[in-house]
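Notes follow once the structure below has been shown.
The values are calculated or read from the model by the stated rules, or taken from the named source; none is laboratory data. Since the structure is predicted, the reported quantities are computational estimates derived from the model, not experimental observations. Cβ: placed from backbone, ideal geometry, glycine included. Neighbour counts: every protein chain shown. All accessible areas refer to the heavy atoms of the entire protein, side chains included, with ligands and DNA or RNA removed. Shrake-Rupley method; radii C 1.70, N 1.55, O 1.52, S 1.80 Å.
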Amino acid sequence: MKGYIKLESGETFEGTISNDNHEEVYGEIVFFTGMTGYQEVMTDPSFHGQIVVFTYPLIGNYGWNEKDYESIKPQPAGMVISAASPSAYHYESKQTIEEAAAKAGVPLIKGVDTRALVKSIREKGDMGAVMTASPEKTDVNSYQPIGEQMLIDEVTVMQPVTEGEGDHHIVLIDFGYKKSMVKSLVKKGCKVTVVPFDISEKEIADLEPDGLLFSNGPGNPKQLNDLLPRYRKLAETYPSLGICLGHQLLALAFGGDTEKLRFGHRGANQPVQDTHTNRVFMTSQNHSYFVKENSLPKGEFAVQFKNINDGSVEGLSHLKHDIITVQFHPEAHPGPADSEEIFDQFLEHLKKKGREKTYA
């Protein structure tokens, strides 16, 4: 049946809706530029509450498998594509993209002029939108904006979960983490314990971590302002790595500020430069907010990575404490292997801390 995306700007785009439950679905409409990786996008908790427009014209040609999940279920509020592949050609595929969306209860609209839709988002910015079968009855402005919603409560773990064994114990503070983060660290010989975002300092101390990972996640980082003093104290106590939302939260905790991009960075082709070495590499990203460079207090962080396209801050290193942060995703698949070096830098901080304990 016919389905529509009605934007906060008043524009309406038509397509065919799959698995329609006759209910309006609200979300922040954003676009993803990757040619592949749609299963990662669909299961990444950072997309929770968003309606994702895929810019590549054909989505679903290699289907949907049972192992490449970044979380336990698909996360977006909805998906918009130009054409959905009716068949799945990869040997590990178990479902088509439409079957996977239907099983998860995620509405999917196909046959949309995604070029025109993305052009509108680029011009006007990320905005609220509603997927509906009755656009004439829909009021987009009646919904609570996503920046005011506490989405992290809906994606964080409820109790600690531990994976792997190794010489280093990493506690991952979960704001909506991707499973590939845990897999990357376990592969490098770490034990990883995933904990809720509001865990107390004492509970973390009882776990005896060697280091902390502040994960990615959905929504506005300033929704967690009340917890920033706790995060700062934790980062000053343990070697810490922040990724995506975790990067933003650590910047806020140390006195910096964040701001929303007109339209975020979402894709596997964002060029980033290491300001220490001048090396450039392509990164996978998914975020709406960025750290304002001129807001960083003197004597706290140095900017280690910058986005070549728009000059925005892509990573920080602390001048006094063992803290590094990145806006991009070193664990991403698809994603360049060289950005995984961020995990190696983090582990070097842990080794240094271990030597200090040994000789103290």
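Values computed for the structure shown
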read-out: Residues of the stretch 111-139 classified as within 13 Å of residue 18 (Cβ to Cβ), at pLDDT 95 or above and either open to solvent by less than 40 Å² (accessible area, probe 1.4 Å) or aromatic (Phe, Trp, Tyr) (or both), total; value: 2
read-out: Looking only at the stretch 91-105, and only at residues there that are open to solvent by less than 40 Å² (accessible area, probe 1.4 Å) and assigned to a helix (DSSP H, G or I), the one that is farthest from residue 72 (Cα to Cα); value: 97
read-out: Test: residue in the stretch 118-125 that is aliphatic (A, V, I, L, M) and in contact with a helix residue (DSSP H, G or I) (Cβ under 6 Å, 6 or more places away or on another chain); value: no
read-out: Residue within the stretch 278-292 that is farther than 30 Å from residue 36 by Cα, at pLDDT 95 or above and of a type in the set (A, V, I, L, M, F, W, C) present; value: no
read-out: Residue, nearest to residue 38 (Cα to Cα), within the stretch 306-321, restricted to residues that are touching a Ser or Thr at 6+ places or on another chain (Cβ under 7 Å) and either open to solvent by less than 30 Å² (accessible area, probe 1.4 Å) or in a loop (DSSP other than H, G, I, E, B) (or both); value: 315
read-out: Condition check for residue 291: buried (at least 17 other Cβ atoms within 10 Å of the Cβ), within 29 Å of residue 353 (Cβ to Cβ) and over 16 Å from the mean Cα position of the chain (by Cα); value: no
read-out: Residues (more than 13 Å from residue 7 (Cα to Cα), touching a residue at least 40 places away in the same chain (Cβ under 8 Å) and aliphatic (A, V, I, L, M)) located in the stretch 131-166; value: 133, 146, 150, 151, 152, 155
read-out: Test result for residue 257, among the charged types (D, E, K, R), out of contact with any His (no Cβ under 8 Å at 6 or more places or on another chain) and over 24 Å from residue 45 (Cα atoms); value: no
read-out: Verdict on residue 54 being open to solvent by less than 10 Å² (accessible area, probe 1.4 Å) and of a type outside the set (A, V, I, L, M); value: yes
read-out: In the stretch 254-285, the residues that are in contact with a Pro (Cβ under 8 Å, 6 or more places away or on another chain), part of a loop (DSSP other than H, G, I, E, B) and either under 22 Å from residue 309 (Cβ atoms) or of a type outside the set (Gly, Ala, Ser) (or both); value: 254, 256
read-out: Out of 46, 18, sole residue that is over 19 Å from the mean Cα position of the chain (by Cα), polar (S, T, N, Q) and closer than 20 Å to residue 129 by Cα; value: 18
read-out: Matching residues, the stretch 242-268, being under 21 Å from residue 52 (Cβ atoms) and under 15 Å from the mean Cα position of the chain (by Cα); value: 243, 244, 245, 248, 260, 261, 263, 264, 265, 266, 267, 268
read-out: Cβ pairs under 8 Å, 6+ apart, first in the stretch 241-253 and at pLDDT 95 or above and part of a helix (DSSP H, G or I), second open to solvent by 10 Å² or more (accessible area, probe 1.4 Å) and among the hydrophobic types (A, V, I, L, M, F, W, C); value: 248/290; 249/228; 251/296; 251/301; 252/228; 253/228
read-out: Residue 108 vs. criteria farther than 24 Å from residue 24 by Cβ and open to solvent by less than 10 Å² (accessible area, probe 1.4 Å); value: no
read-out: Yes/no for residue 130 being on the phi < 0 side of the Ramachandran plot, of a type in the set (Val, Ile, Thr) and not in a helix (DSSP H, G or I); value: yes
read-out: Every residue from the stretch 39-76 that is among the acidic types (Asp, Glu) and in contact with a helix residue (DSSP H, G or I) (Cβ under 6 Å, 6 or more places away or on another chain); value: 68, 70
read-out: Residues located in the stretch 17-57, provided they are farther than 24 Å from residue 144 by Cβ, at pLDDT 95 or above and part of a strand (DSSP E or B); value: 54
